Structure formats: C-alpha cells, structure tokens
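The values are calculated or read from the model by the stated rules, or taken from the named source; none is laboratory data. Keep in mind the model is a prediction, meaning the values are calculated, not measured. In this analysis, Cβ positions are derived from the backbone assuming ideal geometry, glycine residues included, and neighbour counts consider all displayed protein chains.
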Amino acid sequence: MNKLKYFSFVFLGFFLSQALAQESGEDRDPAGLYALIETDHGVMEFELYRQVAPVTVANFVNLATRGFYDGLIFHRVIDDFMAQGGDPFGDGTGGPGYNFEDEIRMRHNQAGILSMANSGPDTNGSQFFITHLATPHLNNLHTVFGKIISGQDIIRQIGRGDEIVSIRIEGNVQAFLERHADRLYQWNQILDDNFPDLEPALTD
C-alpha cells in the first residue's frame, strides 16, 4: 500500500468515526442539557442553552420532566416558517398558568432553532416553536433557548395536528433544576393546581 492510499484510509476512518460519534451523541458536552422531542415522524434532538437562557430552560425542562408536553399537538404549522406546539388547549390560547420574563440573547439564524412563543414581552409560558429556516424578523422578540443537533429532516414533516409524543431531557437534570428551586416551587404549585395528573416534580 503506497503512502497516498494509506493516508486516504486513515482520513476515511477518522471521518467515519467522527460521524458515528456525532450520531451516537458522543460529542455532547458532558455538562450540557439535551431535549429529545419524539413526534409522529421520529425524534429530534436539541441542545438547550442552559447558560444564556437559564430561566427558560428551567421552565421547559421542568414541564418536560413532569410530562406536561406528552400527547399535546403542534397546533400551528406554517410552511417555510415554523412548527409551534406546547399548548394544553391545542388552539394557541393555553399555557401552564403562569408567565415569565424574556431572555433575549440569541438569534433565529438557522433552521432548527427552538424558541418561545409569546403574546408580547415577558409572556412566556409553555408554547414553543421550531424554525424551518433562519427567521431574523423574530430576533429581539422571542427567546431562543436551543438548537437542533439531529433529526433536522423531521422538522418539515411535521403538520398541523401532529402529536408531541414525548419530550425526554438528558444530562445532569437534577443539579440544574436545583439551582432554580425557588422559582420552580412557585411554578409547580400552579401546575399542581391546574394539572393534577402531571408527574411529580423533581425538586421540592
């Protein structure tokens, strides 16, 4: 085997190992948080921006781990724009029973951005959307709190009425939520009153 063939094989092996690592999640930040959103069309994986949007991520993770999103639908889907879900009423008017402040620091600069739906400043609740493409006109209006890292092809397959089968959170969830325990305590009291069948909270 000459040197050119040898280095070609080495390069190919490295490329394949990197691709396999990415598919298996081995390239994840060990301190990170990740959301696996299962839909009728498959699973999308998102990196959550726990450092730049900590309150938003704490809210999303808490709702997800309590099963709030399981079985809800994508009630609003606009081609070449976005898919929106997370409303317990399924018509765009619902939420968890509380609102929280914006954390507008990131941009809607690509497909697969995970961002909060709202009805104005500081009206975030449970509804979120996933972009089909860059949507710069939403910058400074909505809180970006994650981005897709696998399952990109699924986004455009989602149609109105498709189900959010489940949202599973991976990473050091307990430690992250404990840093927001006071806020979560207030939210969970409201959730327990409004949605008594939810899973127990991970924090007291």
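Does any residue of the range 140-149 turn out to be modelled with pLDDT of 95 or more, within 16 Å of the chain's Cα centre (by Cα), within 18 Å of Phe195 (Cα to Cα) and small (Gly, Ala, Ser)? Checking the range 140-149: not a single residue is modelled with pLDDT of 95 or more, within 16 Å of the chain's Cα centre (by Cα), within 18 Å of Phe195 (Cα to Cα) and small (Gly, Ala, Ser). The lone criterion from (1) under 20 Å from Leu72 (Cα atoms); (2) touching a residue at least 12 places away in the same chain (Cβ under 8 Å) left unmet by Asp192 is number (2). Number of residues in the range 157-172 that are crowded, with 18+ Cβ neighbours inside 10 Å and either more than 20 Å from the chain's Cα centre (by Cα) or under 20 Å from Thr56 (Cβ atoms) (or both) equals 4. Taking residues in the range 177-189 that are over 10 Å from Asn62 (Cα atoms), and partners anywhere that are polar (S, T, N, Q), the pairs with Cβ atoms closer than 7 Å and at least 6 places apart or on different chains are Glu178/Thr203; Ala181/Thr203. Restricting the range 140-168 to residues that are of a type in the set (D, E, K, R) and in a strand (DSSP E or B), which is nearest to Gln84 (Cα to Cα)? Once the filter is applied, the top-ranked residue is Glu163. Residue-level analysis places Arg107 among those that are among the basic types (Lys, Arg) and either within 17 Å of Val52 (Cα to Cα) or touching a Gly at 6+ places or on another chain (Cβ under 9 Å) (or both). Residue under question is Leu202, and the condition is that it be surrounded by 13 or more Cβ atoms within 10 Å (Cβ to Cβ) and either part of a helix (DSSP H, G or I) or acidic (Asp, Glu) (or both); does it hold? The answer is no for Leu202. Considered as a group, the residues in the range 140-156 that are of a type in the set (A, V, I, L, M, F, W, C) and crowded, with 19+ Cβ neighbours inside 10 Å include one that is farthest from Glu103 (Cα to Cα), and that residue is Ile154.
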